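Participant: I'd like to ask some things about the structure below.
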Amino acid sequence: MNQILIVEDDDALGRGLTLALGDRYRCTLAPDCAAARQALRETAFDLALFDVNLPDGSGLSLLDEIRADGGPPVILLTANDMETDIVAGLGRGADDYVTKPFSLAVLRARVEAALRRNAPAAAPAVFEQDGFRFDFDRMDFTAAGRPLQLSQTEQRLLRLLIENRGHTLPRETLIDRIWTDGADYVDENALSVTVGRLRRKLGKHAPIKTVYGVGYSWAVQP
């Protein structure tokens, strides 16, 4: 189920959006920029809805912040329908905009369209980049022709990074998706250790990027 972040300070509208979208998506409601930043640190969202006018800042400034970190696609919710506001939002990286008041049916259609456009690329059966070759079906992994012996945990980590290449995956999301054995508690250090082992096996040119305080990403070619 896709995860959607809704940043809206109007409590009634926020709850209404959550109800309207909650039957198809897992929604998180944040009333301001501070709560939105915390949610973005903890979860890899598939889409975000940002109100432009928030009590502790602007949705446009929040958009600038997450675009710098390669965050999720964003639909702006604004009471302003002036051309300059629309151009400003799209120019700063918004994927779409909806002006208030809006039909929930229209919003749902915009959300579905944005998710289709931005669906993450699945890890191909064979992935190649800068001398790395990963055959996930055959579990055959090489770096510059050198065979790699990867554990199941390392393979799961690598696949998640490749599937979300170019995007930062929060530590909490990686822990939740790598260790899926139903354990009640997984030491966060286990992720750091696994990342370190994978980096050593891939070699000094491994494009695994650490985003301090957030998580990890697989850097893509410009």
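Participant: R0 = 25 Å: FRET efficiency of K100 with A34, Cβ-based, nearest 0.05?
Facilitator: Here the calculated transfer efficiency is 0.65.
Participant: Let me ask something additional. What accessible area per residue comes out for the chain, rounded to a whole number of Å², with a 1.4 Å probe?
Facilitator: The answer is 52 Å² per residue.
Participant: Can you run the Rg to Rh ratio on region 1-137? Use alpha carbon positions and the Kirkwood inverse-distance Rh.
Facilitator: Dividing the radius of gyration by the Kirkwood radius yields 1.03.
Participant: Sticking with this one: Determine the share of the chain's accessible area contributed by carbon and sulfur atoms, expressed in whole percent, with a 1.4 angstrom probe.
Facilitator: That fraction is 50 percent.
The values are calculated or read from the model by the stated rules, or taken from the named source; none is laboratory data. Since this is a predicted model, take the numbers as computed values, not measurements. Please note: Cβ atoms are built from the backbone with ideal geometry, for glycine as well, and neighbour counts cover all protein chains shown. For accessibility, only protein heavy atoms count, side chains too; no ligands or nucleic acids. Shrake-Rupley method; radii C 1.70, N 1.55, O 1.52, S 1.80 Å.
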